[in-house]
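What follows is a short report on a single structure.
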DNA sequence: TTTCATTTTTGTAATCATTACAAATATATA
DNA sequence: TATATATTTGTAATGATTACAAAAATGAAA
């Protein structure tokens, strides 16, 4: 956990003023590593910050995404999830237990056929199936 | 367009009773090839079928997806899109013109590192960027 | 064809995630 | 301290989707 000691500084480096709420939200993402929904973050943090508003979570995550220190995970239709790991990696969702797994893959091996001269800025690779723990 | 002449038969082959509405929805998907939203389909078809309900579009698409003759495209957070092409292919969305492009890629050489013994059932590859027509 | 059961469609209301917006609070600066 | 700016909060609005029950269509049996 490279951020653990100084999330405030990390936010500053990325031109985000480190308010108490912002630090808490980022801390949650880094500590849990669970690709949470807005609701999961809110339910947890409202224990620490009784006046917390869900709008703040939305605002904060929007800001983090704009500053590219958080990425959006849209593996399911209905729920947007968030990830403090912005390096190139994919997501696997187990249809039995519902758990989300990270995995690494080589972008260069995708060998995309028919997008000559397109400028690719973002890549999202989502897999669904059965995870090793749910296999009988 | 391999379905053009007999969408009814194609639905039957896939154990779906070919009602008028179902045929029209599938016809739309095949003819347009535009990865439409529910709203796009509804707005077009309500011209032919004045009594059409948006719930019918939702029901019909859900049925098509369950019977695997239509796939879901979730490249944008807010809008679910649908595709009558269920073969393995990816989707590119241009952030300038908003157009969706299909592309082919090789699933086999993804060389995924850390999902040993996972059963992969679905793959979604989404790219964002600038399409060739929007490049200056 | 008529009757009855089943399937499909329709319309309305409910749900749920997200956004808009303005007031309240906190922070930074002069 | 006074003032401007940024952030947070709470409520209301939006918009996609789902739930649900009534209406309509379809199919089978008599």
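Only the coordinates and a few stated rules stand behind these numbers; no lab work does. Just so we're clear, the structure is a prediction, and the values are computed from it rather than from any experiment. Neighbour counts run over all protein chains shown; Cβ positions are idealised from the backbone, glycine included.
Observations
- Cα-based equivalent ellipsoid, region A:90-134: semi-axes from gyration tensor eigenvalues, Å: 28, 9, 9
- Using every pair of distinct Cα positions in the protein assembly as shown, the Kirkwood expression returns a hydrodynamic radius of 21.0 angstrom.
- Region A:7-83: projected area of the alpha-carbon convex hull, averaged over directions, in nm²: 4.8
- Inter-centroid distance (Cα atoms) of region B:61-136 relative to region A:66-136, Å: 11
- Cut-off 14 Å (backbone N to label point 7 Å along Cα→Cβ of residue A:87), residues of region A:96-118: A:102-107
- In nanometres and ascending order, the distances from the residue A:88 label point to those of the other copies are 2.0 (point 7 Å from Cα along Cα→Cβ).
- 11 Å cut-off, amide nitrogen to a point 7 angstrom out along residue B:119 Cα→Cβ, residues in region A:122-136: A:129-132, A:134-136
- Share, in percent, of DSSP beta bridges within chain A that are antiparallel, nearest 5: 65
- For chain B, the longest principal axis of the alpha carbon atoms and the long axis of helix B:54-66 meet at an angle near 50°.
- Net length gained if the chain between residue B:132 and residue B:30 were fully extended (0.36 nm per residue, minus Cα distance): 34.3 nm
- Mean residue ellipticity at 222 nm, helices only, the protein assembly as shown: -9000 deg cm²/dmol; runs of at least 4 DSSP H residues each add -39,500 (n - 2.57), and the sum is divided by the number of residues.
- Here the average projected area of the convex hull drawn through the C-alpha atoms of chain B stands at 10.7 nm².
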